[in-house]
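Worksheet: one structure, shown below.
The values are calculated or read from the model by the stated rules, or taken from the named source; none is laboratory data. On a predicted model such as this, the values are computed, not experimentally measured, just so you know. Neighbour counts are summed over all protein chains in view; Cβ atoms, including those assigned to glycine, are modelled from backbone coordinates with ideal geometry. Quick note on the areas: whole protein, heavy atoms, side chains included, nothing else; ligands and nucleic acids left out. Shrake-Rupley method; radii C 1.70, N 1.55, O 1.52, S 1.80 Å.
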Amino acid sequence: GLLMALDVPQERGLGHLDQRYLDGLEVCRFPLLPFLQPLPLDWMYLLYTIMFLGAVGIMLGCCYRLSCLAFLCPYWYLLLLDKTSWNNHSYLYGLLGFQLALLGADRYGSVDGLFRPQKRNTHVPLWNYALLRAQVFIVYFIAGLKKLDADWVGGFSMGSLARHWLFAPFRLVLSEELTSRLVVHGGGLVLDLSAGFLLFFDATRPLALVFVTYFHCMNSQLFSIGMFPYTMLATNGLFCRPEWPRGLLARCPPWLRGGLPSTRPPQPSLDCYYGGRGARGGLRPRQHLAAAFTILYVLEQLFLPYSHFITQGYNNWTNGLYGYSWDMMVHSRFHQHVKITYRDGLTGEVGYLKPGVFTQSRRWRDHADMLKQYSACLSRLLPRYNVTRPQIYFDVWVSINERFQQRLVDPRVDLVRAPWSPWTPTPWLLPLLVDLSPWRQRLQELEAQLDGHMDTVFIADFPGLHLENFVSEDLGNTSLRVLRGQVLVELVEQQQNHSLQEGEGMQLPAGQYHKVHTVSPEPSCYMYLYVNTTALELERNLTRLQELRERVRNGTEQSPLPPELRPIVGEPLPAGVPLDPVVSLFLRREQQEQRREWESSLAQRLRRFLRRKFFLFRR
């Protein structure tokens, strides 16, 4: 993109540090609790093996309680070890593992039932089902409540999703904008709010199963979210009558039933209370405890997504750590520019680091708590590279839900020594400019007016701050236009300053640095317009080659074809003549087009789909 201020600073900084990460010598981590650290590599392999065996034991109902612990403890350890891997899905798997450790999920079709007759084919207390159903209901319903956000209702959260081929049938009768608003955003909101209720009642369950199944199958194609769609498909059976597996197995051929779980009615269980139907004694303390736990757990799960007023240090432009709020897909981000500056505390020397050095994750760019951890890690590692008492400054530019690109944190604050607490708001976090949200419609209109060769970046900045930018030589005809406020454009090499008011603009020289200072008392808004002249010239050359080949094939080309261009018509390249890079790119594009046509049959698409899912399941 346009904001390329890191190109030259990286050469002046410590850009070689990535190799140290690849060698495994120095790594920055982001645990939830500071004392959590990974075990040695061999022990981590053992931990993964134990967790895998625990999952297999849960699936088979073999040594069930022990298997639950073998899965649950390593899973939560690994989840808390790295906040960058958190999401709603991994959090849900941990909750389900915790619930399974308390439930009697080994009573039917389990290995334990083969060796313990008192467990074999016995009733399961109703609170077991109530707990699992409540958890799935909360996932749907809270996700729907979170989608009542103005950005989602306005159609800005997933604005480009309607272009996906899955929505092509809707685009036959609706425009892309209406498909986004009505189908993607409106349909997602209605389904999340109603799915839990429709699944709960017998009369509406068949209809709910159809829509929920369709919804999750679509999600498996739209997003790379691992096993989550299939997990949610598997939870559909929790809302059906408990005896449905027996009815399914009863339809199997008699020769097959011998190796399947029994279809006979279940036996009474000491864990269950049957009321007036032959109850032996009253409710026991264990059953009182189970009922109280179920109620408290459901209340806690309803409270947690709205508990961000307690853990205010984890709040950013969105509330809380991403993972336990069920605000799935409500916020989409686009990062335009990230700069990490270090200053030697002894000599004052300033340098720059490649964003993401010492870590593979990119989640730290959006969260103040992770930025604090990252800066602390860098301050520990940089002294090994002769940087004394380093000060670390971050300049993170991000757009959320199609707003202006703006700063997330104050670039003037040294985050190594900046205060941070999980219980108080972060003082160096800059606010989201929600007052500029109505501009999004106008920004879309401005983008729609551009031709296919021009691009734009919309910027909003705070008073007293400036953006240092470098215009690449490839970006010809780059201009800046002020949409709101007042800015001062400083051309560094020419040592010139230009003051621009709202509605004014200027041409920017290529191959040079410039700084845009916000001098108005309110935030300034401006836009860059630029053309990638190198890419434009390449496209023109490829178009000329396409036209030349057509003329040669239909006989309208009179002049002989140069030797270096003969490969475009399938002729071999003469000996000693090097292959032109543009011709090579042209041929590669032709091969890709042919391959796409060859693989466009339904059978080939199905094969690619199954292959993708095979590797997904195997991972």
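Quick check: from the Cα gyration tensor, does the range 285-376 come out rounded (a/c under 1.5), prolate or oblate? Can you show the working numbers first?
Working: a/c = 3.63, a/b = 2.60, b/c = 1.39.
Verdict is prolate for the range 285-376.
With charges only on Cβ, +1 for K and R and -1 for D and E, what is the dipole size of the chain about its Cα centre, in debye, rounded to 20?
3660 debye
Positive-end ranking of PRO425, PRO253, GLY345 along the dipole of the chain, with charges on Cβ about the Cα centre, is headed by PRO253.
In terms of overall dimensions, the range 190-333 has a Cα radius of gyration and Dmax of 20.9, 62 angstrom.
Over the chain, with the other protein chains present, what is the accessible area per residue in square angstrom, probe 1.4 angstrom? Write out the running numbers ahead of the final one.
Numbers: 33220 Å² over 619 residues.
Dividing the accessible area of the chain by its residue count gives 54 Å².
Is the shape of the range 286-443 best called rounded, prolate or oblate, per the rule: a/c under 1.5 gives rounded, else a/b larger than b/c gives prolate, else oblate, with a ≥ b ≥ c the square roots of the Cα gyration tensor eigenvalues? Oblate, since a/c reaches 1.5 and b/c is not below a/b. Placing a pseudo-label 7 Å from each Cα along the Cα-to-Cβ vector at LEU222 and GLU445 gives an inter-label distance of 2.9 nm.
Using θ = phi - 60° in the Karplus curve 6.51 cos²θ - 1.76 cosθ + 1.60, the 3J(HN,Hα) couplings for the range 487-493 round to 10, 10, 9, 9, 8, 5, 5 Hz; x is entered for Gly and Pro.
So what's the convex hull volume per residue for the Cα atoms of the range 157-218, in Å³?
So the per-residue hull volume is 83 Å³.
The C-alpha atoms of the range 385-426 occupy a region whose extents along the principal axes are 41, 29, 15 Å, arranged from largest to smallest. Summarised in one figure, the compactness ratio Rg/Rh of the chain, Cα atoms and Kirkwood Rh, is 1.03.
With viscosity set to 1.002 mPa s at 20 °C, what whole-number translational diffusion coefficient in µm²/s follows for the range 498-571 from Stokes-Einstein and a Kirkwood radius over Cα pairs?
Details: Rh = 17.2 Å.
Result for D is 125 µm²/s.
Could you size up the charge dipole of the range 140-187 around its Cα centre, putting +1 on the beta carbon of Lys and Arg and -1 on that of Asp and Glu, and report it in debye to the nearest 20? Write down the numbers at each step before the final one.
Values: 5 positive and 4 negative charges, 22 e Å.
Dipole about the Cα centre, nearest 20: 100 debye.
Just to confirm the number: angle between the C-alpha axis of helix 581-598 and the first principal axis of the chain, 0 to 90 degrees, nearest 10? Taking the Cα atoms of the chain, the angle to 581-598 is about 30 degrees. The Cβ shell under 14 Å around LYS372 holds other residues with a net charge of +2, Lys and Arg each +1, Asp and Glu each -1. When only alpha carbons are used to place a centre, the range 492-563 and the range 74-126 end up 58 Å from one another. Percent of C-alpha pairs per 10 Å bin in the range 95-216, short distances first: 12, 29, 28, 16, 11, 4, 0. Taking 4.7 Å between C-beta atoms as the pairing limit, the chain has these partnerless cysteines: CYS62, CYS63, CYS68, CYS73, CYS217, CYS240, CYS252, CYS272, CYS525. Our coupling estimate for the range 410-424, obtained by passing each phi through the Karplus curve with A = 6.51, B = -1.76, C = 1.60 and θ = phi - 60°, is 6, x, 8, 9, 6, 6, 5, 9, 6, x, 7, 9, x, 9, 10 Hz, Gly and Pro reported as x. Is the range 118-178 best put as rounded, prolate or oblate by its Cα gyration tensor, with a ≥ b ≥ c the root eigenvalues, rounded for a/c under 1.5, and otherwise prolate when a/b is larger than b/c, oblate when not? Taking the square roots of the gyration eigenvalues as a ≥ b ≥ c, the range 118-178 is prolate. Computed over protein heavy atoms with a 1.4 Å probe, the carbon and sulfur contribution to the accessible area of the chain reaches 60%.
If packing is taken as the average count of other Cβ atoms within 10 Å, what order do 387-393, 296-302, 610-616 fall into, highest mean first?
On the way: 387-393: 19.0, 296-302: 13.6, 610-616: 10.6.
Sorting 387-393, 296-302, 610-616 by mean packing, highest first, produces 387-393, 296-302, 610-616.
Order these peptides, 362-373, 422-433, by their mean beta-carbon neighbour count within 10 angstrom, highest first. Please list the in-between numbers first.
Details: 362-373: 20.9, 422-433: 14.8.
Highest mean packing first, the order is 362-373, 422-433.
Dipole of the range 74-196 computed with +1 at Lys/Arg Cβ and -1 at Asp/Glu Cβ about the Cα centre; of LEU193, PRO117, LEU166, farthest Cα towards the positive end is PRO117. With q set to 0.22, 0.27 Å⁻¹, the log10 of I(q)/I(0) for the range 65-139, from the Debye formula over equal scatterers at the Cα positions, is -1.02, -1.21.
About its Cα centre, what dipole magnitude does the range 233-320 give when the only charges are +1 on Lys and Arg Cβ and -1 on Asp and Glu Cβ, stated in debye to the nearest 20?
Details: 9 positive and 3 negative charges, 119 e Å.
Result for the range 233-320 is approximately 560 debye, rounded to the nearest 20.
Given the range 464-598, report the % of alpha carbon pairs whose separation exceeds 21 Å. Each step should come with its number before you reach the end.
On the way: 5360 of 9045 pairs.
Across the range 464-598, Cα pairs with separations above 21 Å total 59 percent.
The angle between the Cα long axis of helix 533-554 and the main principal axis of the chain comes to about 90°, on a 0 to 90 degree scale. Temperature 10 °C, viscosity 1.306 mPa s: under these conditions the Stokes-Einstein estimate for the range 389-504, based on its Kirkwood radius over C-alpha pairs, is 94 µm² per second.
Among beta bridges identified by DSSP and lying wholly in the chain, the antiparallel ones come to about 95 percent.
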